[in-house]
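For reference, the structure is listed below as structure tokens.
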Amino acid sequence: AREITVRHALIALILLGAGGTAVAADVKAGRQVALGCQGCHGMDGLSKQPDAPNLAAQPALFLVKAMAEYRTKSRQHEQMNVVAQGLSEREIADVAAYYAAIEIEVVKTPQ
């Protein structure tokens, strides 16, 4: 059942971004969803907590898959398992698009 849920989430995101008859994921709406994420992940997608990953510039498909796994509890994190249950597939696609759209610059420091 978990594989079906993850597969459906991935297909939904692909369809949302396909531009055909489906509506593309909405980065602006995703920013609104991210208001609930900012305490740990930050509005800029840069983690504010030591156990929270950076989300900026992560691929949207990766983020959608992770949220689907939190929903089914095949990926365990007490807070994220609850958060994932409270979001619709559309909200997940939107917030994934928002964080994926954030551009970051990686600067290599001299050794």
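Assorted remarks:
- Only listed residue being assigned to a loop (DSSP other than H, G, I, E, B), of a type outside the set (Asp, Glu) and in contact with a helix residue (DSSP H, G or I) (Cβ under 6 Å, 6 or more places away or on another chain), chosen from Arg75, Arg31, Arg71: Arg75
- For the stretch 57-71, the set of residues classified as crowded, with 17+ Cβ neighbours inside 10 Å and over 15 Å from Gly30 (Cα atoms) consists of Lys65, Ala66, Ala68, Glu69, Tyr70, Arg71, listed by residue number.
Per-residue answers, yes or no, for (1) in contact with a helix residue (DSSP H, G or I) (Cβ under 6 Å, 6 or more places away or on another chain); (2) loosely packed, with under 13 Cβ neighbours inside 10 Å; (3) at negative phi:
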| residue | (1), (2), (3) |
| --- | --- |
| Val27 | yes, no, yes |
| Cys40 | no, no, yes |
| Asp51 | no, yes, yes |
| Leu87 | no, no, yes |
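- Residue match in the stretch 11-25 (condition: closer than 29 Å to Val106 by Cβ and modelled with pLDDT of 95 or more): no
- Val82 being at pLDDT 95 or above, open to solvent by 40 Å² or more (accessible area, probe 1.4 Å) and either of a type in the set (Phe, Trp, Tyr) or not in a loop (DSSP other than H, G, I, E, B) (or both): yes
- The residue of the stretch 92-111 that is surrounded by the fewest Cβ atoms within 10 Å (Cβ to Cβ), among those that are of a type outside the set (Ser, Thr, Tyr) and in contact (Cβ under 8 Å) with a residue 60 or more places away in the chain, is Ala101.
The values are calculated or read from the model by the stated rules, or taken from the named source; none is laboratory data. As the structure is a prediction and not an experimental result, all values here were calculated from the model. Positions of Cβ are backbone-derived with ideal geometry, glycine not excepted, and every protein chain shown enters the neighbour counts. Accessible surface is based on the protein model in full, side chains and every heavy atom, while ligands, DNA and RNA are left aside. Shrake-Rupley method; radii C 1.70, N 1.55, O 1.52, S 1.80 Å.
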